[in-house]
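First the structure, in the form of structure tokens, and then the observations on it.
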Amino acid sequence: MTKNETIAAISTPLGEGGIGIVRLSGQNAFAIVDRIFDCPKKKQSGYPRPRYLYHGFIKDLEETLIDEVLVSFMPAPHTYTREDIVEINCHSGIFTLRSIEKLVLQAGACLAEPGEFTKRAFVNGRLDLSQAEAVLNMVHARSEEAVKMAARGLQGELAKKVESIRDKILTIRAPIEASFDYPEEFDPNDYDKVELKKNLGALKTDLQKLVLGVERNRAYQDGVSVAIIGKPNVGKSSLLNSMLHKQRAIVHEIPGTTRDLLEGYLNLGGYPIRLVDTAGIQGTCDPVEKQGIELSRSAAGRARLIIMVVDGSVEWSETDKEIAGLKHADQGLVIAINKSDLEQKLNRELVKNYCPDAKIVETSAVTGEGIKQLENAVTNMLDNIFGSDTDQENQAIVSMRHERIIDEALMNVESAIEAIDIQPLEIISLELQNAWLRMGEITGDTVDDDLLDKIFSEFCLGK
Ligand SMILES: Nc1nc2c(ncn2[C@@H]2O[C@H](COP(=O)(O)OP(=O)(O)O)[C@@H](O)[C@H]2O)c(=O)[nH]1
Ligand SMILES: [Mg+2]
């Protein structure tokens, strides 16, 4: 689609609702709407006043009434796309919205591609690329934290951080480049390598901080998988139900009731969590139960955090040890000693000694005691895994794209550091240039059209 065309699309969800909006952007937006908008105030001087809501009627080209509407005219450049924008607020019915959209297309607009309004905002310099991606994250956000993060991205916080790092790269690189340009005044052997090492080290730290923020942000954005595992009949399904506040899984005194994986969703401390209930793990000859246990093991493997449930009214067993051993190094482990309402036989010391890294809580799925503590333990453990939330400026990165770019820039800087004592300065300069170019892809400063198309194609229509 060329830059000069006026685009239009339905910008609200297609469904029945209070208000629906058809939006146009481009140099003919006002003229196109004028052809179909019957407004009593048209003859007044100064019409259309910018950002003023005009009441009137949309009529088709044969003057048939389509809907009673409110229309706002927003002249460039102080608009989302930096072009003239018109928004038609109509009654939100699928048929009405579609009819008005069809009409503006007949009157001269082109149907916008997904994300095209935001793409124009980027192309016209209203947003940098990281802000445009934050728009997408805002639309897709599934938790309060994800919204906060997208808002920070929208404010351009990531862009600021990236630009400051790029400036540092230029500052380090400038004297090296000068030495190439003025060799008669500068002997590369005199170059202050100690200073260079120090500066590159600081640059590396900046990039590492950005990387650290990524995993936490991703957890907030995409959610975290938590698996509940343990022997049969210890109360796994009961605890899942308690945490979800509903009867999601069947609970029964007959061991082996849960055979498939069962999932439920909840929000703990801002983390969207996918809680997976599994079949109890034990030695068995039953082929169906065996399959269930295999599923349990693989669910445990995929989880970021494991809640292991043990029955406090029986002794710690070899099977419990085997189950605790399923946790791998980068997973968190919370142990729920359940059935605290019954007479207790479990030796807590044995559990602590066997699982020194675990957080241990006492619960009863029957009385509800300890459920809150269990939830807090999960949140704290996730905070431990994903690092602290204090470094606000590193909180705007969520996309795999950003993560990959920062990883690569970090590799460039590490190669530059390694090269200091053994390679000519040209190599260091080249690594720095690559890092600078890569980082520019975050803000869209150094980015090609194919990548832009790919990014904006993930947007919904009308955004
Ligand atoms: N007394 C007591 N019984 C429990 C508790 N949690 C679960 N149960 C009972 O233990 C049996 C097995 O529970 P279930 O949740 O199906 O265990 P799962 O096999 O680990 O999923 C059921 O009869 C539950 O009512 C608890 O905290 N206290
Ligand atoms: Mg169960």
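The values are calculated or read from the model by the stated rules, or taken from the named source; none is laboratory data. Since this is a predicted model, take the numbers as computed values, not measurements. Glycine gets a Cβ as well: all are built from the backbone with ideal geometry, and neighbour counts include every protein chain shown. Accessible surface is based on the protein model in full, side chains and every heavy atom, while ligands, DNA and RNA are left aside. Shrake-Rupley method; radii C 1.70, N 1.55, O 1.52, S 1.80 Å.
Here are the numbers for the structure shown:
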read-out: Which numbered condition residue 270 misses (of (1) away from ligand 2 (no atom under 15 Å from the Cβ); (2) closer than 20 Å to residue 362 by Cα); value: (2)
read-out: Of all residues making up region 247-273, the number that are within 12 Å of ligand 1 (Cβ to nearest atom), of a type in the set (A, V, I, L, M), over 17 Å from residue 294 (Cα atoms) and open to solvent by 20 Å² or more (accessible area, probe 1.4 Å); value: 3
read-out: Qualifying residue in region 118-137 (condition: open to solvent by less than 10 Å² (accessible area, probe 1.4 Å), touching a residue at least 12 places away in the same chain (Cβ under 8 Å) and over 23 Å from the mean Cα position of the chain (by Cα)); value: no
read-out: Residue match in region 239-249 (condition: touching a residue at least 24 places away in the same chain (Cβ under 8 Å), more than 14 Å from residue 378 (Cβ to Cβ) and touching a helix residue (DSSP H, G or I) at 6+ places or on another chain (Cβ under 8 Å)); value: yes
read-out: Residue list for region 274-295, restricted to those being of a type outside the set (D, E, K, R), in contact with a strand residue (DSSP E or B) (Cβ under 6 Å, 6 or more places away or on another chain) and either more than 16 Å from ligand 1 (Cβ to nearest atom) or not in a strand (DSSP E or B) (or both); value: 278
read-out: Some residue of region 223-237 being hydroxyl-bearing (Ser, Thr, Tyr), within 15 Å of ligand 1 (Cβ to nearest atom) and either at pLDDT 80 or above or part of a helix (DSSP H, G or I) (or both); value: yes
read-out: Residue, nearest to residue 235 (Cα to Cα), within region 322-347, restricted to residues that are open to solvent by less than 60 Å² (accessible area, probe 1.4 Å) and away from ligand 1 (no atom under 16 Å from the Cβ); value: 333
read-out: Residue list for region 251-297, restricted to those being in contact (Cβ under 8 Å) with a residue 60 or more places away in the chain and closer than 20 Å to residue 146 by Cβ; value: 267, 268, 269, 270, 271, 272, 273
read-out: Filtered residues of region 217-246 (kept if near ligand 2 (Cβ under 9 Å from one of its atoms), open to solvent by 10 Å² or more (accessible area, probe 1.4 Å) and of a type outside the set (Gly, Ala, Ser)); value: 232, 233, 236
read-out: When residues of region 274-305 are limited to those that are among the β-branched types (Val, Ile, Thr) and either away from ligand 2 (no atom under 15 Å from the Cβ) or closer than 29 Å to residue 382 by Cβ (or both), the one surrounded by the fewest Cβ atoms within 10 Å (Cβ to Cβ); value: 293
read-out: Residue count, region 306-321 (criterion: acidic (Asp, Glu), open to solvent by 10 Å² or more (accessible area, probe 1.4 Å) and part of a helix (DSSP H, G or I)); value: 1
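Yes or no, residue by residue, for (1) of a type in the set (Val, Ile, Thr); (2) at pLDDT 85 or above; (3) in contact with a Lys or Arg (Cβ under 8 Å, 6 or more places away or on another chain); (4) surrounded by fewer than 21 Cβ atoms within 10 Å (Cβ to Cβ):
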site: 396; (1), (2), (3), (4): no, no, yes, no
site: 400; (1), (2), (3), (4): no, no, no, yes
site: 406; (1), (2), (3), (4): yes, yes, no, no
site: 411; (1), (2), (3), (4): no, yes, no, yes
site: 418; (1), (2), (3), (4): no, yes, no, yes
site: 422; (1), (2), (3), (4): yes, yes, no, yes
site: 426; (1), (2), (3), (4): no, yes, no, yes
site: 429; (1), (2), (3), (4): no, yes, yes, yes
